[in-house]
Amino acid sequence: MELLSGKKIVLGVTGGIAAYKAVEVASRLRKAGAEVHVIMTREATEFVTELTFREISGQPVTTDMWSKVTHFRVEHIALANLADLVLIAPATANLIAKAAVGIADDMLTTTLLATKAPVFIAPAMNTNMYDNPVTQRNIAELQQRGFHIIDPASGHLACGINGKGRLPEPCDIVREVEAFFQQEQTLTGRRILVTAGGTIEPLDPVRYIGNRSTGRMGYAVAAEAARRGAEVVLVSGPSSLPDPTGVETIRIDTARQMQAEVMERYPAVDAVIMSAAVADYRPKTVAADKIKKSDDELVLHLERNPDILFGLGQQKQQQVLIGFAAETCNVEEYARRKLAKKNLDYIVANDVSQTDAWIRRRYEPYQALCKRRHDDLNIH
Ligand code: CTP
């Protein structure tokens with residue numbers, strides 16, 4: 001697999017003579033498997049055309065924050081959010097100064113201020129500008145904020161003097177980016193099974209019993225495990241989320257379908273992360289035709305679904321088992337009980353009454369009930 005496969009890299013190009021070398025940087029990043037989105041400053045377009053980068057990257061190139069108003073709202077945050085890494089090569093003294101103080105007056109500096117992705121900066125400028133204490137202070141400031149600085153090379157500069165300030169060779173810049181992602185490959189060779197979303201249990205051909213799980217937690221876990229190099233299978237209940245990049249995603253509806261998919265893969269995996277909200281009960285019978293309304297009341301008979309994670313705990317060999325406990329009261333105590341009962345290695349205890357206003361509103365009466373029950377039992 002290519003080293004940067006699936007990675008989204010925003011390449012910022014500023015207006016220095018070395019901008020032409022950024023074309024090769026874009027090309028090499030793309031060849032290494034990355035999806036490259038180029039943002040050029042206005043000055044950069046004086047050195048290299050937008051068209052060159054568009055052809056090399058195979059993506060639209062952003063040059064201006066204001067000209068495409070329809071694009072703007074999507075773009076300025078979209079690129080900041082989408083990036084797995086932002087690389088600015090070449091970075092002028094001016095760009096570095098703006099980044100150091102947080103000026104956001106064009107698309108590149110705005111993206112830089114908005115992104116949470118790691119940022120790599122490759123300064124390239126005249127030696128005196130580079131050595132100037134103001135530039136050095138700005139670089140130190142960025143470094144302190146966690147930016148990665150790719151040291152400029154020494155040699156003959158376009159301005160006619162010899163000294164430090166040359167943009168390193170594109171292959172060296174790309175190697176630094178690759179090394180960064182490789183460092184993170186802590187799960188290479190591991191096979192991980194993740195479950196996500198809620199299962200749904202049919203009542204008739206058009207209705208089901210379900211829960212409000214979005215699947216976001218499991219999808220994020222699966223994507224992160226894949227990003228760190230693991231081979232990941234995601235078994236998901238219905239969710240509107242797209243399949244995470246680099247993850248084999250299997251979509252199911254019911255708890256029993258989830259159980260079948262999980263059990264089939266269980267012997268071969270190193271870890272299972274069960275973040276799915278599995279329905280504990282299913283309708284005892286599924287009506288062949290749509291249930292018609294008749295009486296004022298409709299009584300549904302439910303029967304127990306298998307506890308998938310409990311079953312995994314019983315058959316545990318080499319696997320690390322990680323469960324989730326979403327609780328609205330006595331969070332730690334209930335989570336600890338599940339950890340022991342299901343023979344887990346770890347459990348993630350989520351106090352959903354604290355973090356989700358929707359659940360809090362609806363569960364407050366239940367919380368009061370739980371408390372009463374425990375007061376009766378003298379458990380505190
Ligand atoms: N789980 C499972 N199969 C089920 C129910 C839950 O595999 N039928 C898993 C969940 O994916 C989660 C863990 O068990 O990782 C705990 O789920 P939770 O719903 O918090 O607990 P339950 O065991 O269902 O207990 P209760 O609903 O009574 O709190």
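The values are calculated or read from the model by the stated rules, or taken from the named source; none is laboratory data. Please read all numbers here as calculations on a predicted model, not as lab measurements. Here the Cβ positions follow ideal geometry from the backbone for every residue, glycine too, while neighbour counts run over all protein chains shown.
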Counting only helices (runs of 4 or more DSSP H) wholly inside the range 244-354, the ones holding at least 2 residues that are under 16 Å from Ile200 (Cβ atoms) are 255-265
Looking at this structure, is Arg304 within 16 Å of the ligand (Cβ to nearest atom) and in contact with an Asp or Glu (Cβ under 6 Å, 6 or more places away or on another chain)?
no
Pick from the range 1-47 the residues that are of a type in the set (Gly, Ala, Ser) and within 19 Å of the chain's Cα centre (by Cα): which of them is nearest to Ala158 (Cα to Cα)?
Ala34
Surrounded by fewer than 13 Cβ atoms within 10 Å (Cβ to Cβ), at pLDDT below 95 and either acidic (Asp, Glu) or in the same structural domain as Gln257 (by TED's automatic domain parsing) (or both): which single residue out of Asp356, Asp375, Asp289, Asp351 fits that description?
Asp375
Output the number of residues of the range 333-351 satisfying the condition of being more than 10 Å from the ligand (Cβ to nearest atom) and in contact with a strand residue (DSSP E or B) (Cβ under 6 Å, 6 or more places away or on another chain).
2
What number of residues within the range 264-278 satisfy the criterion of being touching a residue at least 40 places away in the same chain (Cβ under 8 Å) and more than 7 Å from the ligand (Cβ to nearest atom)?
9
Matching entry among Ile209, Ile252 (being within 15 Å of the ligand (Cβ to nearest atom) and under 30 Å from Leu82 (Cα atoms)):
Ile252
If we scan the range 166-176, do we find a residue that is away from the ligand (no atom under 16 Å from the Cβ), touching a Pro at 6+ places or on another chain (Cβ under 9 Å) and farther than 30 Å from Ala89 by Cβ?
no
Could you check, for the range 63-77, whether at least one of its residues is under 25 Å from Ala179 (Cβ atoms), at pLDDT below 95, assigned by TED's automatic domain parsing to the domain that holds Arg30 and within 23 Å of the chain's Cα centre (by Cα)?
no
